[in-house]
Amino acid sequence: MKEGYLNSNENYDSYCQYILSNVCFDDEDDEYNICSDIVSHKEKLDKELGRDVGIEVALVDYMKNINQRVRTPDILNSADIRRIAHSNSAHSSLKAYDASVLSRDIQVEIERAHRYGSPFSILLIDVILEDDSVRDSIINSLTTDFSYHIRLTDTVYLYNRSRFVLLLGETNTNAAIQTSINIQNVFSLPQKISKSPFYLNIGIASYGLFHIDTDHKLLTAADKALDEAGNTGKGLIYLYHGKDILEVNDEGIPVVITDKIQKRMEITGVPIHPGTALGTIFVYNDLLSHEMESYDIREENLEDEYTRIEQAIHEVEKDLLEMEEEVNHELSREHSVIFQAHRLILNDRQILDEIKTQLFERRVNAEEVIRDVFKRWEMRFLAFDDEVFRNKSQDIADISRRVLTELQGIESHILESVPENSVIFSIRLLPSDTVHINKKNVKAIVTKEGSRFSHTAIIAKAMNIPMIILENMDLTLISNGTTVFIDGSTGAAIIYPNLQEIGGLKSQILSYTTEYSRLQAVHKDHKDLIYKGEEVKLYTVVASLDESVEGISFAADGIGLFRMEVLYLTRDSMPGEDFLFEKLDKILEPFKDKEIIIRLLDIGGDKTLSYLDISERYNSSLGVRGIRLLIKYPQLLESQLRVCLKLSLKFKIKILIPMVTVVEDVIHVKEMLHRMMKSLNIKKSIPLGTMIETPAAVLAARAIIEQSDFVSIGTNDLIQYTMAADREKMNVSQYFEQGNVAIQEYIRIICSLAGEAGKPCYLCGELAQNTSYTKDLLELGCRNFSVTSTVIPVVRQAILDHC
């Protein structure tokens with residue numbers, strides 16, 4: 001290379017030296033320009049993918065995708081590049097690389113997989129010796145022999161003293177199984193290497209399947225398969241297959257191991273809602289993340305399997321067309337175009353061709369093909385730097401979910417049909433999941449993620465279902481149908497309890513149930529609550545008819561918060577006004593003669609609708625949610641106001657505006673409400689209130705209260721925005737806890753301003769039902785508490801203690 005070609009930047013020099021070591025040029029004058037281009041290309045890839053892709057990936061990508069000025073470029077394959085790059089990382093006496101460079105090499109293959117859809121796999125190989133004194137000689141011989149019996153594109157790493165990793169580029173699961181069999185066959189006669197017997201156990205894992213999307217997950221999966229082989233015997237091949245570890249039989253066919261032994265396991269996590277339960281585990285996963293059944297398709301049945309896919313796509317296309325028409329009718333043409341876009345994606349020839357190719361090459365069931373193909377397309381869109389293209393990944397995921405639902409014949413949400421006495425175990429539950437929970441069949445909820453302030457926790461409390469969070473839970477170790485005991489008061493879980501202790505656990509459940517019934521009976525015929533001469537009222541929070549009936553049974557003074565979004569989250573398409581009116585009429589009937597506050601649709605953040613394009617990938621809680629969404633979709637706001645006005649002819653309705661930050665939001669809704677009252681010829685005054693749940697609303701409280709008939713302080717979001725602590729995240733829950741004290745000055749200000757204006761002020765959220773703060777809240781001026789029905793007796797008793 002000519003002098004002066006290298007940039008003074010140290011990394012630039014090393015990059016160019018690396019490129020020149022691996023690419024041959026016909027014309028030396030092109031060397032400098034080509035090196036500069038490749039380094040620039042690397043910087044572009046780093047920016048697009050948000051991480052350092054390494055000079056290897058940049059070189060491969062440049063050569064494959066850019067029209068080069070090099071006349072006859074000679075690029076080495078990825079394994080050859082690794083051999084040169086890791087020459088200093090190889091064991092001096094062995095033909096294997098050190099494990100320290102393995103992670104980076106896997107990252108290179110991951111980049112290739114993302115950009116080109118290339119599959120790859122790893123084999124984790126354990127050498128089992130009967131005579132440890134010959135270890136070094138056997139390991140040395142094995143590394144030499146491996147190099148003769150694997151492809152040039154494969155790479156061998158020494159993972160520890162007796163364990164190897166084989167990185168198999170461009171290799172799917174079937175090919176990895178065949179490679180493993182070949183290795184076992186070659187080394188089935190140990191005397192070829194050593195007179196002392198030894199055996200090989202092999203664990204296989206393939207990237208991209210069963211949500212293996214990082215180097216750590218890939219190695220962990222192979223390690224789990226290898227451990228299963230080691231626990232079973234010698235000379236075995238095991239394959240990671242999601243929740244199952246499959247044994248590869250003599251014919252090379254993976255089979256399920258059915259004789260796993262269940263063992264008692266006791267775990268303590270975070271208590272969320274008190275109560276005890278003894279039931280059977282029901283592991284819930286979202287359709288895109290749960291381990292669906294995967295099975296081989298015989299060659300003669302491939303055409304029929306492809307017909308299944310075509311029929312499913314056709315049905316989804318029909319559903320999308322219906323949704324497009326409904327949203328067009330309820331909102332506008334502009335808001336229905338998302339479904340037109342989804343139909344175009346569904347009929348994209350490149351995607352359809354890839355689906356067919358994958359099916360006929362892999363010969364696996366339609367569900368497996370659909371999920372893998374759409375996942376790859378989702379990842380490709382995520383790799384774009386442009387935010388518009390990145391957001392398209394969500395469209396891909398939604399379409400995939402719809403096609404899989406159709407393929408599996410799912411007509412209702414899984415949680416609606418869980419077996420009796422189920423204890424739900426899940427990584428997380430979204431609001432769109434929890435609204436489908438069948439309360440009669442669900443005894444408890446256990447999640448890996450979330451906090452006591454999350455929406456899932458709120459729903460669990462509303463349904464009076466015991467709930468705990470187990471952050472260290474490994475769902476892969478938990479099987480459906482296993483007996484489990486949950487104590488929501490302590491956060492304890494006993495999985496597969498002994499028969500001898502089940503009797504005692506049942507006694508605990510009976511004791512808790514008896515005490516709960518006693519509290520309910522004591523407070524059913526309650527006396528009025530008076531604090532410092534002022535009446536204190538307890539309202540309930542409602543989202544269903546069951547909760548409404550339960551609220552009456554606990555003698556609630558009214559409905560302090562009806563969550564309108566539940567009526568939207570439980571549907572696959574936009575609900576019309578007739579549907580909303582009919583549902584609300586039934587749900588509110590038990591409170592016909594009592595005060596009812598209906599909160600307008602509060603969608604956004606973690607609460608999204610599949611039939612409305614409202615999702616935001618980043619900072620969704622700071623985006624278009626609550627009243628902002630309703631202003632963006634005025635027909636959505638109008639339909640709800642019209643339904644509330646019609647209901648006001650029968651019920652004592654108040655309307656509550658969510659997520660207000662500026663007084664203009666209140667004025668906007670107020671003006672629209674008055675116009676609609678006039679058009680419907682309704683002369684009865686309908687109180688219009690505002691949710692105070694952001695610091696901005698507190699700062700504008702005087703003006704907001706002036707324009708409102710009442711206010712309601714939403715403590716959950718008010719704490720979240722004040723403390724900059726996501727209510728769904730356990731790792732910042734300590735800040736959320738401190739927010740209970742931090743927002744008390746806000747509460748005092750709002751109560752005082754509302755009192756001066758002679759307007760009611762309500763308090764809702766977790767703080768309202770936390771009896772540790774009841775006395776403080778009373779002192780601050782709170783007189784209207786909105787809490788879940790099941791805690792009314794406890795909160796009432798706490799108020800009585802201070803009256």
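The values are calculated or read from the model by the stated rules, or taken from the named source; none is laboratory data. All figures in this text were calculated on a predicted structure; none of them were measured in a lab. Neighbour counts run over all protein chains shown; Cβ positions are idealised from the backbone, glycine included. Each accessible area value is taken on the protein alone, full model and side chains, heavy atoms only, with ligands, DNA and RNA left out. Shrake-Rupley method; radii C 1.70, N 1.55, O 1.52, S 1.80 Å.
Against the test of being aliphatic (A, V, I, L, M) and in contact with a strand residue (DSSP E or B) (Cβ under 8 Å, 6 or more places away or on another chain), the options Ala798, Ala754 yield a single qualifying residue, Ala754. Using the structure shown, decide if His149 is closer than 25 Å to Gln358 by Cα and at pLDDT below 75. Taking the combined requirement at face value, the residue does not satisfy it.
Cβ-Cβ distances below 9 Å connect the following pairs, each with a first residue in region 117-142 that is closer than 30 Å to Asp353 by Cα and in contact (Cβ under 8 Å) with a residue 60 or more places away in the chain, a second residue that is of a type in the set (S, T, N, Q) and in a helix (DSSP H, G or I), and a separation of six or more residues or different chains: Pro119/Thr173; Ser121/Thr173; Ser121/Thr179. Under 7 Å by Cβ, and 6 or more places apart or on different chains, what pairs join a residue from region 295-313 that is open to solvent by 100 Å² or more (accessible area, probe 1.4 Å) with one that is of a type in the set (Lys, Arg)? Final answer for the pair search is Asp296/Arg363; Glu299/Arg363. Is it true that Glu303 is among the charged types (D, E, K, R) and modelled with pLDDT under 80? Answer is no for this residue. Would you check if Glu266 is farther than 24 Å from Asp223 by Cβ, in a helix (DSSP H, G or I), of a type in the set (Asp, Glu) and at pLDDT 75 or above? Taking the combined requirement at face value, the residue does not satisfy it. All of Lys775, Lys759 fail the test of being part of a loop (DSSP other than H, G, I, E, B), touching a residue at least 24 places away in the same chain (Cβ under 8 Å) and farther than 15 Å from Val698 by Cβ, apart from Lys759. Return the pair list, or none, for Cβ contacts closer than 6 Å from residues in region 215-241 that are more than 16 Å from Gln107 (Cα to Cα) to residues that are surrounded by fewer than 24 Cβ atoms within 10 Å (Cβ to Cβ) and aromatic (Phe, Trp, Tyr), at least 6 apart or on different chains. What qualifies is Lys234/Tyr199; Gly235/Tyr199. Out of Lys583, Lys607, one residue alone is among the basic types (Lys, Arg), modelled with pLDDT of 85 or more and either open to solvent by 70 Å² or more (accessible area, probe 1.4 Å) or in contact with a Pro (Cβ under 6 Å, 6 or more places away or on another chain) (or both). It is Lys583. Candidates Arg748, Arg783: the one that is open to solvent by 60 Å² or more (accessible area, probe 1.4 Å), in the same structural domain as Val541 (by the TED database) and either at pLDDT 95 or above or in contact with a strand residue (DSSP E or B) (Cβ under 6 Å, 6 or more places away or on another chain) (or both) is Arg748. Name the single residue that is modelled with the highest pLDDT among those in region 408-457 being open to solvent by 50 Å² or more (accessible area, probe 1.4 Å) and of a type in the set (Gly, Ala, Ser). Here the answer is Ser417. Candidates Thr179, Thr155, Thr171: the one that is in contact with a Pro (Cβ under 8 Å, 6 or more places away or on another chain), at pLDDT 75 or above and either open to solvent by 10 Å² or more (accessible area, probe 1.4 Å) or of a type in the set (Val, Ile, Thr) (or both) is Thr171.
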